[in-house]
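The values are calculated or read from the model by the stated rules, or taken from the named source; none is laboratory data. Given the structure is predicted, the values throughout are model-derived calculations rather than measurements. Every residue, glycine among them, receives a Cβ derived from its backbone with ideal geometry; neighbour counts consider all protein chains shown. These area figures cover heavy atoms from the full protein model, side chains too; ligands, DNA and RNA do not enter into them. Shrake-Rupley method; radii C 1.70, N 1.55, O 1.52, S 1.80 Å.
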Amino acid sequence: MGSAAAAVENLVVIGSGPAGYTAALYAARANLSPLLITGYQDGGIPGGQLMTTTHVENFPGFPDGILGPELMDRMKSQAVRWGTRLIEADAETLDLSQRPYRIQVEGQTVLAHSVILATGASANRLHIDGEDTYWSRGISACAICDGATPQFRKAELAVVGGGDSACEEAVYLTKYGSHVHLIVRKDSLRASRAMADRVLANPQITVHWNRQVGGFGGDQWLEQLQLNGSDGKACETLAVKGLFYAIGHTPNTRLVKGQLELDAKGYLVIEGGSPNTSKEGVFAAGDVADDQWRQAITAAASGCQAALAAERWLSNNDLAVTISREEVEPKAAELPQPTTTATEADFSADALWQGGSYALRRLYHESTKPLLVTYTSPSCGPCHVFKPQLKRVLNELEGAAQGVEINLEDDPEIAAQAGVTGTPTVQLFYGKELKKQWRGVQQRSEVKQAIEALL
Ligand code: NDP
């Protein structure tokens, strides 16, 4: 094959939830050397919706459950182990008007014979004041994922929405909460009759008709909901510790709008039961084409189907350029390792990245370099995403700056002193002065530029 043709990828997978990584795993094992564009901030964080959940207890193979971010780390490592190449950025544009297809990402144009769209769907939010403050501190987009966590046990809980999801979640939450309030904006449920009947017959559920969530209250954690009537005026207050959103999802189809057939709700239309979209060589997997099941396991299964379909299509069209492996058995998968806590005995004044309050104290007082202090917590998915990016920045700066990681569970008082209310929070110090602070996942370039400005 000539050099121009060699520059065309066999398969580009866009999206890094269970669908994307499973598709990449299958394609990699078929020696197609797939390229996976993980996404970064567009439509959620890399790893997808499981990155913002806690325990996943219904993914087969993990009898005691597994943290959502850990499950995604494992899927990622498995895909990479078999030869998936990653671009950890948002795909900016996708041009399906001619073949090979063209994807603009990180300032380069990637050409692809085939594409699997696994961009997922984002749970809708209400977008009202206070939502960000209480997000993951009482407000959740997924009762099935988060409902069983200790904070919600035997507490009064609320669900907003009137569809099948809202009803299913309200019933599900009665297993954990003491009582569930269902907040419905109309005087009827959109849910199927059977589901609605189940809700209406359950003495542990109170339906609040013609009510909208108007505001939140609570110290650190959600404690109160203000409900508005149909006239928009406040009319009721509920003392609840949890509010679960079930107000529908929006599929992440920005890249293909006007290019592929979408249904009335904006989901990708696929040929009955197959992963084929309305364009040849373009396949769909996971929630972007599924408004019904939306489970990690169904997304993973559809990723597998999409990869097999892509492999077949490439082969039928004589387009596949398979790699030959140097070693039959790939090396063992590499999983991210937790940062060890530095003690007096093993503290290093020059380490690029180390953990714990001892290292923070020493470096804060002694280091002459910019210091990145990253506050994390064990189940924080966005921390899994942001930490490697920060480490990459420090590596690129070749030791001109240093990093310390503080785990909120180990050092809660330090986090409290630093005014940290959520993870990840990153503080940039220089000469004992706080120069900049970031909350949540940011672009790597932004952190790098802020450090470079100090050097
Ligand atoms: P739906 O789109 O069916 O329902 C969304 C609900 O949220 C509606 O009741 C809607 O109200 C309400 N809503 C939307 N925006 C707001 C807002 N800003 N404030 C208050 N309420 C709002 O989504 P679902 O996730 O429930 O269901 C999606 C699909 O999945 C459906 O086809 C459903 O049947 C299916 N499903 C099936 C299940 C099963 O069979 N076991 C379980 C779960 C889902 P309104 O009615 O006023 O528009």
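If you go through the stretch 61-78 and pick out every residue that is assigned to a helix (DSSP H, G or I), of a type outside the set (S, T, N, Q) and open to solvent by 50 Å² or more (accessible area, probe 1.4 Å), you end up with 3. All conditions in (1) within 16 Å of the ligand (Cβ to nearest atom); (2) surrounded by 17 or more Cβ atoms within 10 Å (Cβ to Cβ); (3) in contact (Cβ under 8 Å) with a residue 60 or more places away in the chain hold for residue 262, with the sole exception of (3). The helices (runs of 4 or more DSSP H) located wholly in the stretch 340-455 that include 3 or more residues which are more than 26 Å from residue 69 (Cβ to Cβ) and free of Cβ contacts under 8 Å to residues at least 24 places away in the same chain occupy 357-366.
In the list 19, 23, 27, which residue meets the criterion of being modelled with pLDDT of 90 or more, in contact with a strand residue (DSSP E or B) (Cβ under 9 Å, 6 or more places away or on another chain) and over 10 Å from residue 84 (Cβ atoms)? Reasoning before the result, please.
On the way: 23 fails: over 10 Å from residue 84 (Cβ atoms); 27 fails: over 10 Å from residue 84 (Cβ atoms).
Testing whether each residue is modelled with pLDDT of 90 or more, in contact with a strand residue (DSSP E or B) (Cβ under 9 Å, 6 or more places away or on another chain) and over 10 Å from residue 84 (Cβ atoms) leaves just 19.
Mind telling me which of the residues 80, 110 ends up being under 27 Å from residue 312 (Cα atoms) and over 19 Å from the mean Cα position of the chain (by Cα)? Give the steps one after another, and end with the answer.
Details: 80 fails: over 19 Å from the mean Cα position of the chain (by Cα).
Just a single option satisfies the conditions, and that option is 110.
Determine the pairs where a residue that is closer than 14 Å to residue 251 by Cα, located within the stretch 11-22, has a partner that is crowded, with 24+ Cβ neighbours inside 10 Å and charged (D, E, K, R) with Cβ atoms under 7 Å apart, the partner being 6 or more residues away or on another chain. Close Cβ pairs satisfying both conditions: none exist. Suppose we filter the stretch 153-163 for residues that are surrounded by fewer than 22 Cβ atoms within 10 Å (Cβ to Cβ) and not in a strand (DSSP E or B); how many remain? Of the residues in that region, 4 qualify.
Take the conditions of a type in the set (Lys, Arg), open to solvent by 80 Å² or more (accessible area, probe 1.4 Å), touching a residue at least 60 places away in the same chain (Cβ under 8 Å) and part of a helix (DSSP H, G or I) and apply them to residue 99. Does it pass? So residue 99 fails the test.
Residue-wise test of (1) at pLDDT 95 or above; (2) open to solvent by less than 70 Å² (accessible area, probe 1.4 Å); (3) of a type in the set (Phe, Trp, Tyr); (4) over 27 Å from residue 43 (Cα atoms).
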| residue | (1), (2), (3), (4) |
| --- | --- |
| 383 | no, yes, no, no |
| 395 | yes, no, no, yes |
| 402 | yes, yes, no, yes |
| 451 | yes, yes, no, yes |
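Would you tally the residues in the stretch 103-133 being within 16 Å of the ligand (Cβ to nearest atom) and in contact (Cβ under 8 Å) with a residue 40 or more places away in the chain? Steps first, please.
Applying the first criterion (within 16 Å of the ligand (Cβ to nearest atom)) to the stretch 103-133 yields 120-131.
Next, from what is left, pick out any that are in contact (Cβ under 8 Å) with a residue 40 or more places away in the chain: 120-126, 128-131.
Qualifying residue count, the stretch 103-133: 11.
Entry remark, the stretch 203-228: residues being open to solvent by less than 30 Å² (accessible area, probe 1.4 Å) and more than 13 Å from the ligand (Cβ to nearest atom) number 4 in total. State whether one or more residues within the stretch 136-146 are open to solvent by less than 60 Å² (accessible area, probe 1.4 Å), away from the ligand (no atom under 13 Å from the Cβ), at pLDDT 90 or above and of a type in the set (A, V, I, L, M). Yes: one or more hits. Among residues of the stretch 164-186 being open to solvent by less than 10 Å² (accessible area, probe 1.4 Å) and assigned to a helix (DSSP H, G or I), the one that is farthest from the ligand (Cβ to nearest atom) is 173. Restricting attention to the stretch 147-163, the residues that are within 14 Å of the ligand (Cβ to nearest atom) and touching a strand residue (DSSP E or B) at 6+ places or on another chain (Cβ under 9 Å) total 5. Report whether or not residue 236 is outside any loop (DSSP other than H, G, I, E, B) and open to solvent by less than 30 Å² (accessible area, probe 1.4 Å). Taking the combined requirement at face value, the residue does not satisfy it. Within the stretch 30-58, the residues that satisfy the criterion of being at pLDDT 95 or above and either assigned to a helix (DSSP H, G or I) or more than 19 Å from residue 105 (Cβ to Cβ) (or both) are 30, 31. Inspect all residues belonging to the stretch 79-89 and state whether any of them is assigned to a loop (DSSP other than H, G, I, E, B) and either within 16 Å of the ligand (Cβ to nearest atom) or open to solvent by 50 Å² or more (accessible area, probe 1.4 Å) (or both). Within the stretch 79-89, one or more residues are assigned to a loop (DSSP other than H, G, I, E, B) and either within 16 Å of the ligand (Cβ to nearest atom) or open to solvent by 50 Å² or more (accessible area, probe 1.4 Å) (or both).
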